[in-house]
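For reference, the structure discussed in these notes is given below.
A short reminder: the numbers here are calculations on the coordinates, not readings from a lab. These numbers come from a predicted model, not from an experiment. Counting neighbours? That spans all protein chains shown, and the Cβs are built from the backbone with ideal geometry, glycine included.
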Ligand code: HEC
Ligand SMILES: [Cu+2]
């Protein structure tokens, strides 16, 4: 992290099935932290931040100014004009029209101006530019899930620098709130409703998405990383495209770890590893087995069969099982290779 204070957070969400990193996944580097500059606001890292901070600072200084000019004289007058004796009378001063117009008109204009600068930011935040990249966000107790335009699903938010990003957000359980302090971005994530917002990151950084709405006992661990990376070639390390190709990892995971991660994220709910039957057949002992298909054919489970089962599951239905596996053509070659490596291990 850079200069200035950092607010350190626990480094991994504890619960929530989708938040669980694969056991053998590469260790996470730095602790999750909000970047602050000095003791003031978090570092400004999106196109919102400038007008937002200007509005914040303006409101703050106006409030301090009026607090001082109202409270200061009040304290002074309370002492100066304190009743000195039981018989002292209040002077018969009634009101001063000019003064009253003055102190009504000025604050009214100021408040209209303050509303206007806030409203402009709010209105701008509601309408994403047409060329914005859409990322679907799902909040659940106690993790975040991000689905990228190509179908890839990750637990961390990675975005290219200098490109508008639109978030379409919903929750599968209770109300959460999506908050990235550096982007000056916060909105409720509500079940049965899509809320949207957009932002354009202006600085390469690594920070943290927080849940800003108390959602249950695990609320304080509902954190994940957010990365802003340069846009570029998929083969160049450090770019957004490279991160995406690596399955949301800065350095590529070895095939087995990558396969295990995908299994945990996607397949686990339908395929067990211990031989028990879920929606689909268990992966235990799958590799190399003679599988009987619904059409009576037998087939040896090898690389091609596995790839086909993932890309076009309806092509080869396992006997005794429903045709209920969704095709996952969005998985990258590296994912498939990882899954194959992982399946070979399930003896
Ligand atoms: C929604 C439930 C569901 C999910 C999620 C799911 N599958 Fe399946 N899968 C099934 C069902 C049901 C079958 C059996 C019917 C068929 O063959 O299409 C199956 C069959 C298979 C087979 C053939 C198994 C055999 O015994 O021959 C493979 C391989 C497979 N799935 C791999 C995967 C992988 C890898 C993932 C995760 C990337 C995955 N599946 C995710 C439901 C699912
Ligand atoms: Cu939450």
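What does the highest-first list of 84-92, 190-198 look like by mean Cβ count within 10 Å? Working shown, then result.
Working: 84-92: 6.3, 190-198: 14.9.
Going from most to least packed, we get 190-198, 84-92.
Return the calculated 222 nm mean residue ellipticity for the chain, to the nearest 500 deg cm²/dmol, obtained by summing -39500 (n - 2.57) across DSSP H runs with n ≥ 4 and dividing by the residue count.
Working: 6 runs with 98 residues, N = 347.
Computed mean residue ellipticity for the chain: -9500 deg cm²/dmol.
For Cα pairs less than 8 Å apart in space and 6+ apart in sequence, what is the mean separation divided by the residue count of the chain, i.e. the relative contact order in percent?
Details: 603 pairs, mean separation 54.4, N = 347.
The value is 16 percent.
Full extension from residue 37 to residue 270: what is 0.36 nm times the residue separation minus their Cα-Cα distance, to one decimal in nm? Write down the numbers at each step before the final one.
Working: separation 233, 0.36 × 233 = 83.88 nm, distance 4.66 nm.
In short, 79.2 nm is gained.
Going highest first, how would you order 304-312, 179-187, 162-170 by mean Cβ packing within 10 Å? Working shown, then result.
Working: 304-312: 16.0, 179-187: 21.1, 162-170: 18.3.
Going by the mean number of other Cβ atoms within 10 Å, highest first, we get 179-187, 162-170, 304-312.
If you take the square roots of the eigenvalues of the alpha-carbon gyration tensor of segment 255-345 and sort them as a ≥ b ≥ c, do you get rounded (a/c under 1.5), prolate (a/b over b/c) or oblate?
Values: a/c = 1.45, a/b = 1.37, b/c = 1.06.
Rounded shape, in that the Cα axes give a/c under 1.5.
Given a Förster distance of 51 angstrom, what is the FRET efficiency for residue 278 paired with residue 50, based on the Cβ-Cβ distance and rounded to 0.05? It would help to have the intermediate numbers written out before the result.
Details: r = 51 Å, r/R0 = 1.00.
Efficiency at R0 = 51 Å is approximately 0.50.
Using a Förster radius of 51 Å, what is the FRET efficiency between residue 289 and residue 126 based on their Cβ-Cβ separation? Nearest 0.05, please. Write down the numbers at each step before the final one.
On the way: r = 54 Å, r/R0 = 1.06.
After rounding to 0.05, the efficiency reads 0.40.
For the residue pair residue 147 and residue 241, what label-to-label distance in nm results when each label sits 7 Å from Cα along the Cα-to-beta-carbon direction?
About 2.5 nm, to one decimal.
Quick check: convex hull over the Cα atoms of the chain, volume per residue in Å³, rounded to an integer? Before the final figure, lay out each step's value.
Details: hull volume 66.8 nm³, N = 347.
Considering the Cα atoms of the chain, their hull volume per residue is 193 Å³.
Can you give the translational diffusion coefficient of segment 123-170 in µm²/s, computed by Stokes-Einstein from the Kirkwood radius over Cα pairs at 37 °C and 0.692 mPa s?
Details: Rh = 11.6 Å.
Rounded, D is 284 µm²/s.
Sort 330-336, 172-178 by packing, meaning the average of other beta carbons within 10 Å per residue, with the highest value first. Working shown, then result.
Working: 330-336: 16.6, 172-178: 18.7.
Answer by packing, highest mean first, reads 172-178, 330-336.
Label residue 111 and residue 193 with points 7 Å out from Cα along Cα→Cβ: what is the distance between them in nm?
2.7
Only bridges whose two residues both fall in the chain count here: according to DSSP, what percent of them are antiparallel, nearest 5?
Looking only at bridges with both residues in the chain, the antiparallel portion is about 75 percent.
Using 1/(1 + (r/R0)^6) with R0 = 41 angstrom and r between the beta carbons of residue 234 and residue 316, what's the FRET efficiency to the nearest 0.05? Before the final figure, lay out the partial values.
Numbers: r = 31 Å, r/R0 = 0.76.
Here the calculated transfer efficiency is 0.85.
Can you tell me how segment 47-127 classifies by the Cα gyration tensor, rounded, prolate or oblate, using a/c under 1.5 as the rounded cut? Can you show the working numbers first?
Numbers: a/c = 5.51, a/b = 2.62, b/c = 2.10.
Prolate shape, in that a/c is at least 1.5 and a/b is the bigger ratio.
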